[in-house]
1. Working only within the range 340-351, note down all residues that are surrounded by 19 or more Cβ atoms within 10 Å (Cβ to Cβ) and in contact with a helix residue (DSSP H, G or I) (Cβ under 7 Å, 6 or more places away or on another chain).
2. Given (1) modelled with pLDDT of 95 or more; (2) closer than 20 Å to Gln304 by Cβ; (3) surrounded by fewer than 21 Cβ atoms within 10 Å (Cβ to Cβ), identify the lone condition not met by Ala233.
3. Among the helices (runs of 4 or more DSSP H) confined wholly to the range 8-108, which include 1 or more residues that are surrounded by 15 or more Cβ atoms within 10 Å (Cβ to Cβ), at pLDDT 55 or above and in contact with a strand residue (DSSP E or B) (Cβ under 9 Å, 6 or more places away or on another chain)?
4. Which of the residues belonging to the range 295-334 are over 21 Å from Leu251 (Cα atoms) and part of a loop (DSSP other than H, G, I, E, B)?
5. Considering only residues of the range 134-164 that are among the polar types (S, T, N, Q) and outside any loop (DSSP other than H, G, I, E, B), which is modelled with the highest pLDDT?
6. Is one or more of the residues making up the range 197-216 surrounded by 16 or more Cβ atoms within 10 Å (Cβ to Cβ), of a type in the set (Phe, Trp, Tyr) and more than 15 Å from the chain's Cα centre (by Cα)?
7. What helices (runs of 4 or more DSSP H) lie completely within the range 173-283 and have 3 or more residues being without any contact (Cβ under 8 Å) to a residue 40 or more places away in the chain?
8. Among the residues of the range 114-132, what is the count of those that are acidic (Asp, Glu) and farther than 13 Å from Leu50 by Cβ?
Amino acid sequence: MTARVVLPLSGAAAIATATGTVQSAWAAPLQDALRPAGVQASTILDLLNLTVIVCTAVFAAVLIAFFWALWRAPRGTRETPADMSTEADSAVGPKAVAEPGLRRAVIVATIVSTVLLFGLIFADVLTDRALARLSMRDAVQIEVTAHQWWWEIRYNDPQASNVFITANEMHIPVGQPVLVTLKSSDVIHSFWVPNLHGKKDLIPGRTATIRFRADHAGEYRGQCAEFCGYEHALMSFLVIAETPDKYAAWLAHQRQDAPPPSNELETRGEQIFLTHSCAMCHTVQGIGANAVLGPDLTHVASRQTLAAGTLPNTPGHLAGWIVDAQRIKPGTVMPPNPLAPDELHALLAYMATLR
């Protein structure tokens, strides 16, 4: 069956189409730490709720003490009896002496504050231990490498032929633990999906890990949570938690090579991909394009977004991204590609088959 491609506007019009709808055309899932979808996020939310309750109680107590002190201020001090005054006291005026009740209040407040502070520290330690106790039996092994400004996602497997790489979208099975190994190829980034787990920094030259489990099916937005350069805000990703059957089907499909072109237009598009700069940076399994500078595009048409959540994955937005990515995401390593309209049309027809 021939893939139907709507021919987008070319050149500057394609770029305008892409840039003009970056914020509106893709309805991103809600990114909300207050709506946990997994045990890790629930544990962190419990700590947050405890902290808010304690801090609110302390704030209320301080306000009460403050207004009480204002109300009784005229009686807050007393003068030292005349027969107990020294010559030095007489020179500077009457000596103010704190009431015994006020002194006791200060001591009690200090003790209570110390107990509450250490209580919160203890709760934080218990939370950290609870997060580390998640069983990793039959865990999905995923390796994430952060780049400026996109995410490389590698699914590891004991059998080398089953290993594959995708980008900016992570699929996981519901109810099964996930162990993610985190690396950075350039600067410090931070991996965070608020609905599923806490943030974890990725530091160049070091390897970190994070473990979590999604208990509810759905799509959850992740974001780089550490400023990493000019386009930091446009470095998001998507975690798709699905039933084990759907996840297994997705795995099997991702391990396949790209389908061959089915008509002359798609064949020409494949040749344009191989002979122009596309193949110098990207991989498409099965056609001899094995570059690793940019994201793997073997199944790019099956993804919801382009450029790490910057654009919805439509032919028009893809055209704008190909023609001049710098206009859409300044600073990205992808260079402009000034293609003729017929070449762009053929390339888009081919890339629409990469599902």
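The values are calculated or read from the model by the stated rules, or taken from the named source; none is laboratory data. Keep in mind it's a predicted model, so treat the numbers as computed, not measured. In this analysis, Cβ positions are derived from the backbone assuming ideal geometry, glycine residues included, and neighbour counts consider all displayed protein chains.
1. Quick first cut of the range 340-351, residues surrounded by 19 or more Cβ atoms within 10 Å (Cβ to Cβ) only: 344-351.
Within the range 340-351, Leu344, Ala346, Leu347, Leu348, Ala349, Tyr350, Met351 meet the criteria.
2. Among (1) modelled with pLDDT of 95 or more; (2) closer than 20 Å to Gln304 by Cβ; (3) surrounded by fewer than 21 Cβ atoms within 10 Å (Cβ to Cβ), the lone unmet condition for Ala233 is (1).
3. Working: elements: 11-20, 39-71, 87-92.
The helices (runs of 4 or more DSSP H) meeting that bar are 39-71.
4. Matches in the range 295-334: Ala307, Gly309, Thr310, Thr314, Asp324, Lys329, Pro330, Gly331, Thr332, Val333, Met334.
5. Within the range 134-164, the first condition is being among the polar types (S, T, N, Q), and the residues that meet it are 135, 141, 145, 148, 156, 159, 161-162.
With the extra rule that they be outside any loop (DSSP other than H, G, I, E, B), the set shrinks to 141, 145, 161-162.
Details: Gln141: 94, Thr145: 97, Ser161: 88, Asn162: 92.
Selected residue: Thr145.
6. Scanning the range 197-216 turns up no residue that is surrounded by 16 or more Cβ atoms within 10 Å (Cβ to Cβ), of a type in the set (Phe, Trp, Tyr) and more than 15 Å from the chain's Cα centre (by Cα).
7. 244-254, 264-275
8. 1
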